[in-house]
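See below for the structure under consideration.
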Amino acid sequence: MSLAQLLDDYPPVRIPAEVNGKLSGFRAWVTSDEFPEKWRVSFLNGAILFNMTEETETHNKVKVAIQYTLHGVSKKAQSGTVYGDGVQLSNKAANLSTCPEAIYISRETLRSGRVKRVRRKGRDEYIELEGTPDLVVEVVSRSSRRKDLIDLPVLYHRAGIPEYWLIDALGDEIDFKILRRGPRRYLSVEPQRGWLASSVLNRQFKLVRKRDEDGDWQYDLKVKQ
């Protein structure tokens, strides 16, 4: 690959002066045509954090399994919409803008205006969600531990999000938590015979994995009523 091709694929990131610790400036930047589409970046109460890569076996495959199953559940129930990673979620009350691995928004939430789809300036397309969705999902990577385990639980709670799904597949066993919003913080749902209940989706879930014939991990998010 030539230097010119490399710079086209990964252009230098210049943060505009208008951002300067302000959510409004950050949102204007990440939804503009000048923002590189391949970058994923979060605004966490004034701090800017870049997420560059993700592990295939313990992050990307987990994310795909979660997105696939949640899409199927919501589509079958005709209850709402699931958005995959790459969609910017912003919340003014939490001073937050980030790209979760998955977002679920019920029809009721969308119709009530608790979440608004923000159009890209000058185009008939949406690039950002603003407000309080019903559920967000994060998969822990080696570079995102602090963000997923410390920063986001506080900010998602402040944003009023009812459920936060947190998955860590880096260890010998999968650590899958469904966190339900309490008065002061998120509280872990207690498993029942290995199943975790989602009050938002009115289903129980279990995340499992096994090695395929090539020795690679394959993930399956199981569902029951």
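The values are calculated or read from the model by the stated rules, or taken from the named source; none is laboratory data. Keep in mind the model is a prediction, meaning the values are calculated, not measured. Please note: Cβ atoms are built from the backbone with ideal geometry, for glycine as well, and neighbour counts cover all protein chains shown. Areas reflect the complete protein model, heavy atoms only, side chains present, ligands, DNA and RNA absent. Shrake-Rupley method; radii C 1.70, N 1.55, O 1.52, S 1.80 Å.
Positive end of the dipole of segment 69-171, charges at C-beta (+1 Lys, Arg; -1 Asp, Glu), about the Cα centre: which of Ile103, Gly72, Leu129 has its Cα farthest in that direction? Of the listed residues, the answer is Leu129. Solvent-accessible area of the chain (1.4 angstrom probe, protein heavy atoms only): carbon and sulfur portion equals 48 percent.
Only the Cβ atoms of Lys and Arg (+1) and of Asp and Glu (-1) were treated as charged; on that basis the dipole of the chain about its Cα centre amounts to roughly 1180 debye.
Loop-located GluC sites (Glu not before Pro) in segment 120-225 (DSSP state not H, G, I, E or B) with no more than 11 neighbouring Cβ atoms inside 10 Å: Glu125, Glu173, Glu213. Would you mind finding the longest exposed-site-free stretch of the chain, with exposed trypsin sites (Lys or Arg not before Pro) meaning DSSP loop and at most 11 other Cβ atoms within 10 Å? The reported range is 39-120. Accessible area per residue (1.4 Å probe, heavy atoms of protein chains only) ranks His157, His71 as His71, His157, with the largest value leading. Only helices enter the 222 nm calculation for the chain: every DSSP H run of n ≥ 4 contributes -39,500 (n - 2.57), and dividing by all residues gives -5500 deg cm²/dmol, rounded to 500.
Using a probe of 1.4 angstrom and keeping all protein chains present, the accessible surface of segment 17-76 works out to 55 square angstrom per residue. Annotation: extensible slack from Ser112 through Glu130 equals 5.2 nm (criterion: 0.36 nm per residue apart, minus Cα-Cα distance). In a GNM of the chain with a 10 Å cut-off on Cα contacts, which of Leu44, Leu70, Leu187 has the highest mean-square fluctuation? In this elastic network of the chain, the residue with the biggest mean-square fluctuation among Leu44, Leu70, Leu187 is Leu187.
This structure gives volume of the Cα convex hull per residue in Å³, computed directly, and of (1) 153; (2) 115; (3) 124 that value is listed as (1). Label segment 103-225 by shape, choosing from rounded, prolate and oblate, from the square roots a ≥ b ≥ c of the eigenvalues of the Cα gyration tensor; if a/c is under 1.5 it is rounded, and otherwise prolate applies when a/b is larger than b/c, oblate when it is not. Judged from the Cα gyration tensor, segment 103-225 comes out prolate (a/c at least 1.5, a/b above b/c).
Positive contributions from Lys and Arg (+1) and negative ones from Asp and Glu (-1), summed over other residues with Cβ under 14 Å from the Cβ of Phe43, come out at +2.
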